[in-house]
Structure formats: structure tokens, C-alpha cells
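Down below is the structure, laid out as C-alpha cells.
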Amino acid sequence: MIGYAKSLPTWEDARPIANYLNWQFRNSGTPEVFARIDSISRHFKEQGEEAIAERVRRQLEMRFQKMLGLPEINLSDEQAVTALMEVMPLISFDNQWVAIYRILVDYCKFPSEIQAFCHHIDNCLAGRRLSRPCRYQNIQKYLTGILAKPYKQWLAYEGHQDTGFNRQKRVADKFLAIVRRIAENTENISSAYSFT
């Protein structure tokens, strides 16, 4: 399967890998799927195709998002800005945008391609200035190891002495709580005014 993966420049061509991982998920469960995704990604990196490795890994993780039990949160761009403004005081390092990226991509259907994500954030902010703006390099450089995995996998890593990870996890936890609260408040308001 990995030999075939070398010739996959686009996600459309990667469907056989997704089908294989579907089978793997049904037979082995979540950890085995992530091990296979990591293996495919590693293969591309060894071949000097790091951009393809990242794109394929992200696309496969997005494809399995629902299967892995990551519930989607409906969040408008306005609500995302409200949540960002609320969490910004907790951001003390530029690289903590990884935590925000992880939550918005994993739960709120924001683009997983980093450049597209940063562009979407800029559009949402519509000229508002942040003390630590969203920049491609602040996410891309640090989106490795456990931080490159979906947030749900961060929970199993909890308790490690890695201070960089713990800083990211604190921001992600708080940001997810803010996002959920804002989304729930909106749902409660709209259901209160429902005429059905």
C-alpha cells in the first residue's frame, strides 16, 4: 500500500488508501489507523515529499474525524472571532496558535491546510489586530509529534512532563470550552425563538 502511495499527488487519487484505512479501522480500531496514517506520512517524508506527506496526513485525519468520535461544533466566523478574543490573553507564545488551529480544524470544520487556515482567520478578523497574529510559520513549524495529531489524542498524552505540550494543551482546553459555550448559547437562543 505504501508503495502505491508514492504516486498520490492529490487527495482524489488517495481514495484507495482511505478505503484501506476504513478496513483497518473496522478490524483494528483507532490506534492502528493512526499508526498507518503516520506510516504513510513517514514514507512521503523519507522520499523528500514533505508537503505531500503533510497534506495526505491531514486529509486522512479529516476523513476519519467522524469515525474517531470528534463531534463537530457549528461555529460561525463571528463566533470564532468572539472565542479568539476571549482566549487571546492566555496566549503567551506565538506557537500557541497550534492549539487554536487544532480545535478549529478538529471540531469546527476550519480548513486544515495551514495557509488556508491563516487566510480564513485573517478574513474572520476583518482588520482587527491581535497581540499574537496567526502566521503560517507559527503553526507549521510546531505542528509535529503529538501536536500534529487530533486533539482527542492529546488526552492520552496528558500528564507528560513536556512543558511545551502542556502549554499548548492548556490553551486548547480553554479554547474548546469557550467554543462549546458560545455554540451552546447560540443553540439555546435559537431554540428559544423557534416557532415549530
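The values are calculated or read from the model by the stated rules, or taken from the named source; none is laboratory data. This structure is a prediction, so every number in the text was calculated from the model and none was measured. For neighbour counting, all protein chains shown are included, and Cβ atoms are generated from backbone atoms with ideal geometry for every residue, glycine included. Accessible surface areas use protein heavy atoms only, side chains included; no ligands, DNA or RNA. Shrake-Rupley method; radii C 1.70, N 1.55, O 1.52, S 1.80 Å.
Tabulated data
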item: Residue, most open to solvent (accessible area, probe 1.4 Å), within region 108-120, restricted to residues that are touching a helix residue (DSSP H, G or I) at 6+ places or on another chain (Cβ under 7 Å) and assigned to a helix (DSSP H, G or I); result: Gln115
item: Pair list, Cβ under 7 Å, 6 or more apart: region 72-98 residue touching a residue at least 60 places away in the same chain (Cβ under 8 Å), other residue aliphatic (A, V, I, L, M) and outside any helix (DSSP H, G or I); result: Val98/Leu143
item: Selection count where residues are of a type in the set (A, V, I, L, M), in a loop (DSSP other than H, G, I, E, B) and surrounded by 12 or more Cβ atoms within 10 Å (Cβ to Cβ), scope region 125-141; result: 1
item: Members of region 75-91 that are assigned to a loop (DSSP other than H, G, I, E, B) and either buried (at least 20 other Cβ atoms within 10 Å of the Cβ) or at pLDDT 90 or above (or both); result: Leu75, Ile91
item: Subset tally (residues that are open to solvent by 50 Å² or more (accessible area, probe 1.4 Å), in a loop (DSSP other than H, G, I, E, B) and at pLDDT 75 or above) for region 142-161; result: 2
